[in-house]
Ligand SMILES: Nc1ncnc2c1ncn2[C@@H]1O[C@H](COP(=O)(O)OP(=O)(O)O)[C@@H](O)[C@H]1O
Ligand SMILES: [Mg+2]
């Protein structure tokens with residue numbers, strides 16, 4: 001069953017105008033961070049959203065939780081539109097950020113921070129608040145005595161658990177973890193990802209896991225959506241997407257990931273350079289300047305996201321990058 005449906009969401013950030021632009025009355029340019037994105041999230045699944053930095057992952061998440069207002073499209077939660085101004089359902093969607101410490105009040109104990117949150121939202125009668133705080137610590141596998149600690153006494157991984165506890169305090173159905181493990185050591189990353197898996201099972205949570213790192217989503221996510229320059233370029237079941245990527249960008253991301261020995265996808269595409277700025281969007285397929293398979297059609301016609309062999313992919317040559325390998329298609333352009 002679908003819990004969250006994102007329909008044709010577009011988010012733009014107006015850019016400052018130069019003095020000359022003002023004099024010549026050039027319209028204010030807008031940076032399109034999320035470009036007509038459709039995505040649905042099934043109840044109880046863990047959906048990975050991956051892509052290089054700047055491709056619009058956080059902006060999409062912020063649009064879902066209502067921190068930025070989309071210029072177009074809608075988000076349906078459990079079949080009901082989430083409106084920007086009426087946040088009745090918003091508590092059911094919580095976000096965990098990369099560095100929760102920066103948003104934790106350093107002078108407050110963890111217990112008082114959680115208690116305040118629970119009281120503010122009237123989630124428990126006053127006499128049950130302390131029990132609930134202890135329950136939250138149990139849920140994130142931290143000792144209850146940490147409730148008396150201030151955040152700075154804890155390690156990065158422990159603070160991330162507090163960030164998760166704080167999100168869980170609001171009893172969400174959907175948790176959006178935005179680069180939640182990016183700043184942590186690999187072993188600590190694994191323990192936090194395992195915690196998310198347990199929480200999904202124990203609390204029936206639905207999770208959107210955002211990461212620039214494919215290795216992070218690989219073992220945890222049921223489905224993966226790959227973003228590039230504000231667009232979803234491919235999405236599908238994790239195992240299938242990893243074993244036979246349909247989009248050359250996915251192929252290149254996989255090839256660039258260091259930890260896939262033994263299960264490297266076919267092809268040796270490398271990811272050269274950086275994604276272009278959304279302000280200088282290439283015509284045609286947004287990936288064409290970096291794509292080893294790009295031809296005239298790719299440079300002029302934007303491929304729609306369409307089903308190909310059970311995968312959603314926006315490419316004129318789906319699966320070509322993993323079937324034949326990028327080797328045969330010449331070196332990437334712009335090298
Ligand atoms: N508040 C903002 N104002 C202006 N531009 C922004 C803002 N937030 C993000 N952007 C731009 O939107 C694009 C997508 O950014 P972001 O969603 O943070 O990507 P990601 O999370 O994938 O790294 C980038 O070009 C970024 O510079
Ligand atoms: Mg981000």
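Descriptive notes on the structure:
- For residue 31, the conditions (1) touching a helix residue (DSSP H, G or I) at 6+ places or on another chain (Cβ under 6 Å); (2) buried (at least 19 other Cβ atoms within 10 Å of the Cβ); (3) farther than 16 Å from residue 5 by Cα all hold with the exception of (2).
- Filter result for residue 62 (loosely packed, with under 15 Cβ neighbours inside 10 Å and under 28 Å from residue 215 (Cα atoms)): no
- Scanning the stretch 50-66 for residues that are within 19 Å of residue 82 (Cβ to Cβ), within 8 Å of ligand 1 (Cβ to nearest atom) and assigned to a loop (DSSP other than H, G, I, E, B) gives a single hit, 56.
- Count - residues of the stretch 56-67 that are at pLDDT 95 or above and in contact with a helix residue (DSSP H, G or I) (Cβ under 9 Å, 6 or more places away or on another chain): 1
- Scanning the stretch 68-85 for residues that are touching a helix residue (DSSP H, G or I) at 6+ places or on another chain (Cβ under 8 Å), touching a residue at least 24 places away in the same chain (Cβ under 8 Å) and within 18 Å of residue 173 (Cβ to Cβ) returns 75, 77.
- In this structure, residue 47 does not satisfy being surrounded by 13 or more Cβ atoms within 10 Å (Cβ to Cβ), modelled with pLDDT under 95 and either part of a helix (DSSP H, G or I) or away from ligand 1 (no atom under 13 Å from the Cβ) (or both).
The values are calculated or read from the model by the stated rules, or taken from the named source; none is laboratory data. No experiment lies behind these values; they were computed from the predicted model shown. Cβ: placed from backbone, ideal geometry, glycine included. Neighbour counts: every protein chain shown.
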